[in-house]
Each structure stands twice: as C-alpha cells, then as structure tokens.
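Asker: Sharing a structure here in structure tokens format.
The values are calculated or read from the model by the stated rules, or taken from the named source; none is laboratory data. Predicted, not measured: the structure shown is a model, and the values here were computed from it. When we count neighbours, we look across all protein chains shown, and the Cβ atoms used for this are built from the backbone with ideal geometry, even at glycine. Areas reflect the complete protein model, heavy atoms only, side chains present, ligands, DNA and RNA absent. Shrake-Rupley method; radii C 1.70, N 1.55, O 1.52, S 1.80 Å.
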Amino acid sequence: MIISDIHVGMSGTQDTEYLTWAVNDARNIVNPAFIVATGDLTDSTNGGTIPNGPYPEEWQTYRQILLDAGMDTAFYFDIPGNHDHYNDPLFEYYLAYSI
C-alpha cells in the first residue's frame, strides 16, 4: 500500500487522522504486504507558504502514530520528500523519527 504527502502539522487539515486511518483501519481492510510512505511525512511550514521548519512536534507526532499502530522496519517504509528536507540538509529529523 502506498501513501504519500502526509504533511503532519499542516494547518487546517486532517493529516494525523488520515495517517492514523491508513496505518490502522486501511491496513486491516487492504491487508497489504507492506506500506510505503513516499515523502512529505511532515509539513515544516507552520501553516504558511515559506518552509521555516522542521518542527520537532510534527516529527514526534508522526513517529508516535506509527508506533501506536505497531509499524516497524519489516512492514513500513518511509522515504523523505522535499518538505522533510526543509532547513535540514542532513535529514537529521528524518533519521531520528522515521521508521
């Protein structure tokens, strides 16, 4: 199952609800062999148009949703997108909080 553009922390969206649904209900219904998240795991814009993140709370929320759903490296694969790289040239947040 492929999910993309999660944007945890995006203002005015249901980002965390959608991610929670994908790794719980949708996973149970679809019963995929694995899940791949193809970038923009977090938003890093604080609701604006200029990327001024990363924000630790976005990454912590992302990681906690996955841990609560039992995601691990044998089943869940996440790839960083451009939002995950904003102001973080070494991908330190991605490396610390991704699965």
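Asker: Within region 47-63, count every residue that is open to solvent by 10 Å² or more (accessible area, probe 1.4 Å) and touching a strand residue (DSSP E or B) at 6+ places or on another chain (Cβ under 6 Å).
Answerer: 2
Asker: Within region 2-40, track down each residue that is touching a residue at least 60 places away in the same chain (Cβ under 8 Å) and open to solvent by 60 Å² or more (accessible area, probe 1.4 Å).
Answerer: If the condition is that a residue be touching a residue at least 60 places away in the same chain (Cβ under 8 Å) and open to solvent by 60 Å² or more (accessible area, probe 1.4 Å), then Asp5 is the only one that fits.
Asker: Kindly provide the set of residues from region 62-99 that are of a type in the set (S, T, N, Q) and in contact with a Leu (Cβ under 9 Å, 6 or more places away or on another chain), ordered by number.
Answerer: Ser98 - this is the single residue of region 62-99 that is of a type in the set (S, T, N, Q) and in contact with a Leu (Cβ under 9 Å, 6 or more places away or on another chain).
Asker: Do we have any residue at all in region 67-80 that's farther than 21 Å from Arg27 by Cα, open to solvent by 90 Å² or more (accessible area, probe 1.4 Å) and in contact (Cβ under 8 Å) with a residue 24 or more places away in the chain?
Answerer: no
Asker: Report, by residue number, each residue of region 35-71 that is among the aromatic types (Phe, Trp, Tyr) and under 11 Å from Ile99 (Cβ atoms).
Answerer: Tyr62, the sole residue that qualifies.
Asker: Conditions: (1) polar (S, T, N, Q); (2) exposed (fewer than 15 other Cβ atoms within 10 Å of the Cβ); (3) in contact with an Asp or Glu (Cβ under 8 Å, 6 or more places away or on another chain). Ser44 meets all but one. Number of the miss?
Answerer: Exception for Ser44: condition (2).
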